[in-house]
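The block underneath contains the structure these notes are about, expressed in structure tokens.
The values are calculated or read from the model by the stated rules, or taken from the named source; none is laboratory data. Predicted model, so just to flag it, every value in this text is computed and none were measured. As a convention, Cβ positions derive from the backbone with ideal geometry for all residues, glycine included, and neighbour counts pool all protein chains shown.
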Amino acid sequence: MIAQAAGFALLAAISPTALFVMAVFLGSANPRLTAFAYVTGAFIMTILMAIVVLYVLRATGLNLQRHHDARYDFRLALGILALAGAAYLARRKRPVAPDPAKPDKGLMSRLVAFPSPRTAFGAGVLLFAPSATFIAAVQVVATSNAGVSVTALTLVLIILLTCMVVWLPLITYLAAPGRTTRQLKTINDGLRTYGKKIAVCALALCGVVLIVNGALGVAGVI
């Protein structure tokens, strides 16, 4: 259970936009406080959604053995949703990485254009709304019969892995500001060119994994 949940959480952590926004906030006038607010918003949203999804899935009885097919039908639907998201992102003209110097009418672009602890917190909440793979990771826990301690530890692992794309750069920045800033600049240069392709491929990969896993479960193979 833990390995499967961690795998889905790692897929959920693939977010070029979240990494790009972190680099913008670390380059702001008050980088430490702004980036910390961003990470705080990301963690609060992720923790709340983990609890809500766990409660909803447990309340619907998907953890019961007689609902074996239903839980994999749900995962299959998540995979289809992820593939639809990949197709939509591939056709969308707006870039994955918002340009602070050329803000458009999008909410995220406006938040990045005026970095502050308040806008950074909002960006963290917005960017870490639950994805299909995050819901799948929590579903693994919700549909298991693990005890309270194992369930709690697995949820903590899911939350840490999902938010890794923001808390890890903050920690490295606090340890080595100059080096981290240079590395993030190099990464962001690549994200401006390949960020959309990376995001589309990540969503498509998530969709394929979820669909295959769901189909095998419905077929009774797993």
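A quick yes/no check of all residues on (1) at pLDDT below 85; (2) under 17 Å from the mean Cα position of the chain (by Cα):
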{"site": "181", "(1), (2)": "no, no"}
{"site": "188", "(1), (2)": "yes, no"}
{"site": "192", "(1), (2)": "yes, no"}
{"site": "205", "(1), (2)": "no, yes"}
{"site": "209", "(1), (2)": "no, yes"}
{"site": "219", "(1), (2)": "yes, no"}
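Residue by residue through segment 99-130, note down the ones that are farther than 18 Å from residue 42 by Cα, at pLDDT below 75 and buried (at least 16 other Cβ atoms within 10 Å of the Cβ).
Residue satisfying the conditions is 100 alone.
Hey, could you check segment 178-193 for residues that are touching a residue at least 12 places away in the same chain (Cβ under 8 Å) and out of contact with any Phe, Trp or Tyr (no Cβ under 6 Å at 6 or more places or on another chain) and say which is farthest from residue 14 (Cα to Cα)?
Ranking the qualifying residues of segment 178-193, first place goes to 181.
Go through 10, 26, 57, 89 for me and flag whichever is hydrophobic (A, V, I, L, M, F, W, C), touching a helix residue (DSSP H, G or I) at 6+ places or on another chain (Cβ under 8 Å), more than 26 Å from residue 112 (Cα to Cα) and surrounded by 14 or more Cβ atoms within 10 Å (Cβ to Cβ). Let's see the steps before the verdict.
Working: 10 fails: more than 26 Å from residue 112 (Cα to Cα); 26 fails: more than 26 Å from residue 112 (Cα to Cα); 89 fails: more than 26 Å from residue 112 (Cα to Cα).
From the options 10, 26, 57, 89, the qualifying one is 57.
Going through segment 201-222 one residue at a time, which ones are surrounded by fewer than 14 Cβ atoms within 10 Å (Cβ to Cβ) and assigned to a helix (DSSP H, G or I)?
212
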